[in-house]
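**Q** Dropping the structure in here first, questions after.
Nothing in this text is a laboratory measurement; each read-out follows from the coordinates by a stated rule. Being a predicted model, the structure only gives us computed values, none of them experimental. Glycine also receives a Cβ, built like all others from the backbone with ideal geometry; neighbour counts cover every protein chain displayed.
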Amino acid sequence: MSDTIASFQKKNPHSNIFRMGTDDFSSSAFLEHIGGQSLFADKFLIILDGVCKNEEAKEFIFDNLKTTASSHNVFIFIEEDLKKPETTKFEKYAEKVFKFDIPEDKKGEKGFNIFSICDALGEKDKKKLWVVMNKAERAGISAEEIFWKLSWQIKNMLLAKVAIEKGDRAVEKLKISPFVLSKAKRYANNFTESELRGLFGKTVTLYHESRRGFSDFDTALEAFILGL
């Protein structure tokens, strides 16, 4: 799914991306997006996350799936625990359908570990990071908390990368716990120092531009992840 969004952004660099969730779904806005078109953008991308948890919204969407499929714009539906007949309805009109299993924690229960975001980033796995980020949002974790975890991981990897190149004494001077340092050193091997400095610079820019009102924080964070 992350590849689909990244591909869309590459083909439509001036496109507008809209998100709707369970709490802010609007049938009128949905219909506008189906027929909407901009003078400055080729297409719109509309991401609907968990909207089908709302029974009225789900019924409305299913009634308009055929029209949605013929829209000039691109729609992405992210849903959990759909029943087989509901999945079949999406499959009938969707160009692509992706299914992801929610990983279980050590106790065998479906849960979320905030540090899995850091691990996905360190592994340089954009698709995994996208899935984990969406799971974090559904678990009620704010975009800012996700951002600070990513920023923290990038900083640790950069410090480890620079220290390793300077030698063991430099590594020993780092004020990072042994466990965190061992992971940072391992993950740092997946990046060049230039890449890590570039990522850290982007996080600084993202934060300040969103605070100044130049960009929406959630959208900017999503674009940052897709650009990795």
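**Q** Which loop-located chymotrypsin sites (Phe, Trp or Tyr not before Pro) does the range 55-105 contain, where loop means any DSSP state but H, G, I, E or B and the Cβ has at most 15 other Cβ atoms within 10 Å?
**A** Qualifying residues, ordered by number: Phe98, Phe100.
**Q** Over 22 Å between C-alpha atoms is what I'm after, so list which of Lys99/Lys185; Lys10/Lys89; Lys89/Lys126; Lys10/Lys185; Lys99/Lys135; Lys96/Lys124 land there.
**A** Flagged as over cut-off: Lys99/Lys185; Lys10/Lys89; Lys89/Lys126; Lys10/Lys185; Lys96/Lys124.
**Q** What 222 nm value per residue comes from the helices of the chain, counting each DSSP H run with n ≥ 4 as -39,500 (n - 2.57) and dividing by all residues, nearest 500 deg cm²/dmol?
**A** That calculation yields -17500 deg cm²/dmol at 222 nm.
**Q** Using modelled amide H (1.01 Å from N, peptide plane; none on Pro or chain starts), what sits under 5 Å from the amide H of Ile78, excluding residues fewer than 5 places away?
**A** Amide H to amide H, under 5 Å and 5 or more residues apart or across chains, Ile78 pairs with Leu48, Asp49, Gly50, Val51.
**Q** Please list, in order along the range 142-156, the HN-Hα scalar couplings obtained from phi with the Karplus expression 6.51 cos²θ - 1.76 cosθ + 1.60 (θ = phi - 60°), rounded to whole Hz, x for Gly and Pro.
**A** Result, ordered by residue: 6, 4, 5, 5, 4, 4, 5, 5, 5, 4, 4, 5, 4, 4, 5 Hz.
**Q** Considering the chain as a Gaussian network with a 10 Å cut-off on Cα pairs, which listed residue, Ala57, Ala120, Ala184, attains the greatest mean-square fluctuation?
**A** Ala57
**Q** In addition: Restricting everything to alpha-carbon atoms, can you work out Rg to Rh for the range 114-228 with a Kirkwood hydrodynamic radius?
**A** Result for the range 114-228 is an Rg/Rh of 0.98.
**Q** Counting only residues 5 or more places away or on other chains, whose amide H sits under 5 Å from the amide H of Arg19 once H atoms are built in the peptide plane?
**A** Answer set, sorted by chain and number: Ile47.
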